[in-house]
Amino acid sequence: MHMMTQYISHNEGQEQFPASSGSSLPGNEAEVTHLLLQHRQLSELMGGILPPTLEPSWGSRVLAIGWALGGLVYEMAWRYPSLDITGIDANTQTVEEAQTLVKDLDNVTVFAQDIHLLNDEVFPSASFDLIKLRFLAGNVTPQQFPPLMQSLAHTCRAGGLIVWTEGEWPITTSLACEHLSIMVQKGLQASGRSFTPGNSLGVTARMSRWLGDAGFRITQSRAYAIDISVGSRGHAAFVLQVRLSGEQLRTFLLEMNITTATEFEEIYLEMQREIEEEQFCGMLYLRTLVGVRL
């Protein structure tokens, strides 16, 4: 689930794009601000919102999916003002937050749309030159990925590109963190949403197959190893993400009868303590694929 994969590094001394002028973000403003900052830092850590070797041409039509609170669409629109960007998400509250964020940008449109219900009435064939996907595993099941990629291929013109990033569970020296990752994996398996029979998330291993079967030829495959150990630039962001993910993890694990409220609280508090210890070490792995539509 994506709440266990979006851990990123602090970035000092790098270019930062401005916040949306005059925006008033709904919800918990402090947490929203932290999440948007984390998105920016992740993009910088990975070399930019798009792989460094990609430079979209003037007027390119872009479809963005998996942009959380709007950080992805906002950053793409700000960094590439020549692009015509469309962002979709099924969650109306998420869309409203993103619309608030991008309201001062004239090259981005955001609206509510179920990504599993894309047809010619929503987007005609070959509507886009570039499709940007990020961290879909939390909301898309293994069974849904193949038809989703097929529908995205239909909306992408021949020769157009898809850029897709996913992550895996973090590897850490915290026993409680490893225990919690295994519990979440069991929950995914119990709900039919697991990508592998083992203890890893496993989504990154299947990305190439899904894209290839949908008619994309893989032109780039990049792996990123992000240090989240104490003393690293990524540690504070990791600690923050653990705090922000607590309630979502608790709800999911209780719904799947993987744990009890008491057991979860014990493990979660122990994990928070362990990841703050001086000897804590951890790594997070991400993979980005670039495919061209045949």
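Criterion first (modelled with pLDDT under 95, at positive phi and not in a strand (DSSP E or B)) does GLY198 satisfy it? The answer is no for GLY198.
Candidates are the residues of the stretch 152-171 that are open to solvent by 20 Å² or more (accessible area, probe 1.4 Å) and in contact with a Phe, Trp or Tyr (Cβ under 9 Å, 6 or more places away or on another chain); the one that is farthest from VAL292 (Cα to Cα) is ILE171. Would you mind telling me which numbered condition in (1) more than 18 Å from MET149 (Cα to Cα); (2) open to solvent by 20 Å² or more (accessible area, probe 1.4 Å); (3) touching a residue at least 60 places away in the same chain (Cβ under 8 Å); (4) of a type outside the set (Gly, Ala, Ser) ILE228 fails? Here ILE228 meets the rest and fails (2).
Candidates are the residues of the stretch 28-58 that are among the aliphatic types (A, V, I, L, M) and assigned to a loop (DSSP other than H, G, I, E, B); the one that is modelled with the lowest pLDDT is MET46. Scanning the stretch 273-294 for residues being within 19 Å of LEU240 (Cβ to Cβ) and open to solvent by 60 Å² or more (accessible area, probe 1.4 Å) gives a total of 4.
Specify the residue that is surrounded by the most Cβ atoms within 10 Å (Cβ to Cβ); the eligible residues are those in the stretch 70-82 that are free of Cβ contacts under 8 Å to residues at least 40 places away in the same chain and either in a loop (DSSP other than H, G, I, E, B) or hydrophobic (A, V, I, L, M, F, W, C) (or both). For the stretch 70-82, the residue satisfying everything is VAL73.
Picking from residues in the stretch 172-189 that are among the polar types (S, T, N, Q) and open to solvent by 30 Å² or more (accessible area, probe 1.4 Å), the one that is modelled with the lowest pLDDT is GLN189. For the stretch 159-177, the set of residues classified as over 22 Å from PHE145 (Cβ atoms) and part of a strand (DSSP E or B) consists of GLY159, ILE171, THR172, listed by residue number.
The values are calculated or read from the model by the stated rules, or taken from the named source; none is laboratory data. Values in this document were obtained by computation on a predicted structure and should not be read as measured data. When we count neighbours, we look across all protein chains shown, and the Cβ atoms used for this are built from the backbone with ideal geometry, even at glycine. SASA here: full protein model, heavy atoms, side chains in, ligands and nucleic acids out. Shrake-Rupley method; radii C 1.70, N 1.55, O 1.52, S 1.80 Å.
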